[in-house]
Amino acid sequence: MCGIVGAVAERNVAAILIEGLKRLEYRGYDSAGLAVIENGQIIRERRTGKVRELELAAQAAKVYGHVGIAHTRWATHGAPTEDNAHPHVSGDVAVVHNGIIENYEELRHELTAQGYVFVSQTDTEVVAHLVHRELQKAPDLLAAVQAAVPYLAGAYALGIILATEPKRLIAVRQGSPLVLGLGIGENFIGSDQLALLPVTNRFIYLDEGDIIDLGREHYTIYDRQGQAVQRSAIELDAQLHHSDKGTYRHYMLKEIYEQPQAIQRTLEDRIQANHRIQPHAFGTQAPDIFEKIKHIQIIACGTSYHAGYVARYWFESIAGISCNVEVASEYRYRQSVLPENTLFVTISQSGETADTLAALREAKKKGIFASLCICNVPTSTLVRESDLAFITHAGPEIGVASTKAFTTQLVALMLLVVSVAKVRGLELAREQQIVQQLQSLPVILDSVLAMDKAIERIAEEFGEKHHTLFLGRGAHYPVAMEGALKLKEISYIHAEAYPAGELKHGPLALVDHDMPVVAVAPNNDLIDKLKSNLQEVRARAGELYVFADSKVHITPEIGLKVFAMPSVSDDIAPIVYTVPLQLLSYHVAVIRGTDVDQPRNLAKSVTVE
């Protein structure tokens, strides 16, 4: 989603701003811009397309300033044009903004009536004009921002500068992520600490409603009541958060290959020597909470929703506890009934997903029994607002299409399932069996990754296709859903997933030689049913690509390609069968020449509704 960088320094901040934006490119964007204060004036450069275009423009214009703000925009209100790109200005005020101002139309009418002229289609421009208006009555920029903020409804993070106050930057956090970076004789803001790691590794994570008054040698944080407050600083290991492509062509491919190591990190310190789960793997309160829960409600979006969907099968089959899973953007807008003693589980790679956060907050208002989040970012809002948290330690994931975040979420969810099952009478031998299977995953996934070249060869057959169908049964239906999502995200091929048994109830009408059908076929008690479903496809001239357990006897033939998967237990099979579908999507996208790491129209961290 949109990215913000801001700096106050003795040195020229233009290069710092540009580098920060480059490090936020993974979030997804369609335009970029920056503004600095130079000789008492706002100097602004904006460009559509990549940050590189902005960098060239700034270099050509010799942009120089000690205070500045910068932004990558993912279009919501208005097309991706230069006029709609941030920063937006009003007189001597410049503003960058992440999030959505929900009442912008009302404010726009009000400000227009007061003589303000709008030159963009964005909701952000109202913020610039509001601050400018309040400056006519306020003694300084801080007071003007504090007066303007109460007019705003929605979720937003703001960076604001004023030409007549050239040593000051004001920032606001309300519903969208924003961090304060602390340097020596210089300070920064960013929507992600990754943007600031080249210049500092000390950060303050802001609370809802915080307003920051930032200078070179000082900063003051004001809470939503306007009171100066202290927030603790955290020092990060910059090396741990560092990420580059190395020898890989794309971040996505690198992150696919990192999955064995990522899963090892997820399991580290969570497993005892006797193949048992550490009692406090989910927090010191977890054992007491798990003893009391009677129902699981999982809330997530996108890939994380698919992880939750897999876990639903696990909770009910292994732990014997009822489980619902729902898309966050749907859950938060319907009247729901949560059973007594429900554990409210949220899943998010970034921990800043707007819909998931809003669903958690709505559930807390209803008085949920307890909340638990599974997340990759320990400093995220979701972690801070949940009763319990499990950090996956997947490491930075730069590719927009999630890979290692998904498989580590599945590992985390299986650990949660077993932890809940233990208090419901799960036998020790069964717990140890599942834990040993999880510990075997890195080696198993290495063998799956060895199929890469074979998958790359068959990917050529998808290059000219326009539609693909993915099939799975049981816990592998959401695996098929994830495979379809990956293909459509990065190759732009329309893809759908269905439970294989549902074919005859409609989707079979679409099957012909022009629609590839991809199926996952683990060796479980549904395999004979699945084989019958595959015969339905073959009878209608469908082209089948089947990833099948090596012990499953599916014979390759014309129109039926079979890839032998390692023979694994049903417990961990959904994790294993995810990887070849990631590789397939990746290679198809490369063949089609799409932007693998930054697919069109998408964002990595979705911080707006």
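The values are calculated or read from the model by the stated rules, or taken from the named source; none is laboratory data. All of these numbers come straight from a predicted model, not from anything done at the bench. Cβ sites come from the backbone with ideal geometry, for glycine too, and all protein chains shown count toward neighbours.
Remarks
- Residue, surrounded by the fewest Cβ atoms within 10 Å (Cβ to Cβ), within segment 1-23, restricted to residues that are among the charged types (D, E, K, R) and over 27 Å from the mean Cα position of the chain (by Cα): E10
Conditions (1) outside any helix (DSSP H, G or I); (2) at pLDDT 95 or above; (3) closer than 27 Å to G154 by Cβ, marked per residue:
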| residue | (1), (2), (3) |
| --- | --- |
| E316 | no, yes, no |
| V325 | yes, yes, no |
| S336 | yes, no, yes |
| L343 | yes, yes, no |
| A359 | no, no, yes |
| K364 | no, no, yes |
| G367 | yes, no, yes |
| S371 | yes, yes, yes |
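- Some residue of segment 151-167 being surrounded by fewer than 19 Cβ atoms within 10 Å (Cβ to Cβ), modelled with pLDDT of 95 or more and more than 27 Å from I43 (Cβ to Cβ): yes
- Spans of strands (runs of 3 or more DSSP E) in segment 515-609 with at least 1 residues assigned by the TED database to the domain that holds A454 and surrounded by fewer than 18 Cβ atoms within 10 Å (Cβ to Cβ): 560-565
- Considering L130, L54, L142, the condition of being buried (at least 19 other Cβ atoms within 10 Å of the Cβ), assigned by the TED database to the domain that holds L214 and touching a residue at least 40 places away in the same chain (Cβ under 8 Å) is satisfied by L142 alone.
- Close Cβ contacts (under 8 Å, 6 or more residues apart or on different chains) running from residues in segment 336-363 that are among the aromatic types (F, W, Y) to residues that are part of a strand (DSSP E or B) comprise F344/Q297; F344/I299; F344/A370; F344/S371; F344/L372.
- Across segment 446-489, the number of residues qualifying as hydrophobic (A, V, I, L, M, F, W, C), surrounded by fewer than 18 Cβ atoms within 10 Å (Cβ to Cβ) and touching a His at 6+ places or on another chain (Cβ under 9 Å) comes to 1.
- Residue match in segment 227-247 (condition: touching an Asp or Glu at 6+ places or on another chain (Cβ under 6 Å), assigned by the TED database to the domain that holds A148 and either at pLDDT 95 or above or β-branched (V, I, T) (or both)): yes
- Checking V119 against (1) out of contact with any Phe, Trp or Tyr (no Cβ under 8 Å at 6 or more places or on another chain); (2) part of a helix (DSSP H, G or I), the condition it does not meet: (2)
- Residue list for segment 387-404, filter: surrounded by 24 or more Cβ atoms within 10 Å (Cβ to Cβ) and touching a strand residue (DSSP E or B) at 6+ places or on another chain (Cβ under 9 Å): F390, T392
- Looking across segment 332-349 at every residue that is surrounded by fewer than 24 Cβ atoms within 10 Å (Cβ to Cβ) and touching a helix residue (DSSP H, G or I) at 6+ places or on another chain (Cβ under 8 Å), the one that is farthest from G367 (Cα to Cα) is identified as R332.
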